[in-house]
Structures are given as structure tokens and as C-alpha cells.
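What follows is one structure encoded as C-alpha cells, with my remarks underneath.
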Amino acid sequence: MHKRTIGSLDVSVVGLGCNNFGGRIDGAATDRVVHAAMEAGITFFDTAEVYGGGGSSEELLGRALGDRRDEVVIATKFGMELPDAVDGGASPERVRAGVVGSLRRLGTDCIDLYQLHVPDPDVPIAETLGALDELVREGKVRQVGHSNFDAAQIDEAERAAVDAGTIRFVCTQNEWSLLARDVEDDVLPAVDRHGLAFLPYFPLSSGVLTGKYQRDQPLGSDWRLTNLPPERRERFLDDARLRVVEDLTAFAEDHGRTLLDLAFSWLASHAAVASVIAGATRPEQVRANANAAGWTLSDDDLDEVDRITRTTTGRERPSR
């Protein structure tokens, strides 16, 4: 497994998203998935205090890692409202309370990458960075990142860190996939301006880029999108997207590859991407994901992918 960097952290180019832990799968299944990931060379595990219904993902991840915790890089997130009525947000008080809870649940004394899950419009980012800077100085956190920031917010955060002389964010985590490419318009240029690492979530578009969803075919009862409200399901599933998936599948097969290979390898072909984060509920999914990022796409391949996926938005793509 190739490694890339997030600040001072070395991470596997394929990571494991832990949002299924404590929700779609229990502790025993979590153990199997985590152990399979490590056996496959995955060293980057991304969770959040809200995953699994408020802390259970962190707890199960910590238990599954056990005495092998030092072999991996743990990323978690704070800032969303928790089910036990703990307010969300990024105030200094919330930052400190969040890290105490996450450290306890993960069973560790230091979080490798601590990420603000969503922007907080009510708290100046300089105040959040000040609190995060204290945590780094205390040894509770190694690096910090943000998630779901737009370009203006990324620029603002960088200015605040420089002006105050605090720790700076080293990465951002936003949705990016072959079917969701809006970040290319403004977020990626901001990432490039500030030398950030990019962590794409939903790289498989909630399973649509595995190829199992097809036009005029019924949904499986245990599939991720099956039980979503129709309005949320339609964000990922419509005829236009499924036609694009068919064309992408044909393109991959023409090259002796799978759609899964294309989804991972296309993201990994971008230098800004540090690790492609995908969830899993079974060991065989983890192993397939770990093996999927090894296709080196040529410039002609990337141009053809652009041509195929452009039909989902009707827009030209920025030059690479």
C-alpha cells in the first residue's frame, strides 16, 4: 500500500471510513473489518464523535485496534450536535470537551488528526484554532483539519492561523467522486493555494460506483441507499447518473479493470488526495477497496473520464 502525507502524518492511500461502526455493524463485525483493513495495508482510520449514534464508532474502533493502536493513524471529528444533547459547534469550550470525550472513547492519549466536522458560523475560526493550538501543545492532538469548508472558509482559516501564529489546518475533507465533482471549481484551487491535503468522502457515491445499482433493477434490502428517504436517495440515484455509471463501467472493462478500480484510482491520480476514504461492512469489501487504487490512468484516460462524467453536470471541467 502506497503512503502519502497529511502534514506530518504518513497515511495509506486508501483509508477506512468508520461511519458504519456501531450503526450498520456491531462490535464483532467491526473487529473483522478493522483487522482485515490492517492486513491489507490500510493504516488510516477516519471516524467522528457522532458516528454510530454518538461515540460508539470511536469506542468500537478503539477496542478493535487494541494494543495495535500505534500501528495506525486515527482521525476523528468534532463539532456536530450529539444525541445526548451536547451542543455542536466549534467554541473553545466545545473543542476541549470534544477531545476529552474522543480520547476516552478511542482509548488513546493522542488523536493523530482532529477535524472540525462542519463550519460554525457563530464562532470566529481564530478562536477555534486557538483552542486546537493548545491541544497540540499539550500533546492531545498531532494535526488538525476541517471538513465541509468552502473555498472562502478555507482562505479565511489560513489567514487566521497566519495572523495569530497558531497551528494551521493541514487538510480538508469534502465530498468528491466521479459523480460529484463540484469541489474542482473552487475548493481544489484553495487546497492548492495553501498546500493542504484533500480527503474525499463518499468516493463511491454511497455505493453507486460499485456498479450494483442499475437502471430498472430493484434495490437490495441491505443496500445503503435503500432505506433513505426518497428525496435523499434521489441525490445519488437517477437515470442520468446511472447512465454515466454504465459508460464508466464500459470504459473500465475496456481497460481490463473494474468500476471500483476506476473510482479509487481516478481520485488517487490527483496529487492533492492523501487518502481515499471508503466505508465497509465486510472484510471482503475492505480487501477490494485496498486493491482498487493501483491503476495509473494516462492523460488520455483522464480526458475520456472527463468527457463521460461531464454529462452529470453539463459543465466543462477545469484544467488539471
- Task: On a C-alpha basis, how far is the centre of the stretch 72-150 from the centre of the stretch 269-308 in Å? Whole number, if you could?
- Result: 29 Å
- Rounded to the nearest 10, the angle in degrees between the Cα long axis of helix 299-309 and the longest principal axis of the Cα atoms of the chain comes to 90 degrees
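Run lengths n ≥ 4 of DSSP H only: what is the helix-derived mean residue ellipticity at 222 nm for the chain, with -39500 (n - 2.57) per run over all residues, to the nearest 500?
Numbers: 12 runs with 129 residues, N = 320.
Result for the chain: -12000 deg cm²/dmol, rounded to the nearest 500.
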- Task: For Val144, enumerate residues with amide H under 5 Å from its amide H, sequence gap 5+ or separate chain, H modeled in the peptide plane.
- Result: Tyr114, Val170
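Going highest first, how would you order 132-139, 144-151 by mean Cβ packing within 10 Å? If you can, show how the numbers build up before the last one.
On the way: 132-139: 16.6, 144-151: 21.5.
Ranking the peptides 132-139, 144-151 by packing returns 144-151, 132-139.
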- Taking 0.36 nm per residue of separation between Glu184 and Ala271 and subtracting their Cα-Cα distance, the length gained on full extension comes to 30.0 nm
- Item | Between 0 and 90°, nearest 10: helix 56-65 axis offset from the chain longest Cα axis | 90 degrees
- Message: Need one number: nm distance between label points at Arg243 and Ser8, each 7 Å from Cα along Cα→Cβ, rounded to one decimal.
- Response: 5.2 nm
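Just so you know, all these numbers are worked out from the coordinates, no wet-lab data involved. Everything quoted here is computed from the prediction, not taken from an experiment. When we count neighbours, we look across all protein chains shown, and the Cβ atoms used for this are built from the backbone with ideal geometry, even at glycine.
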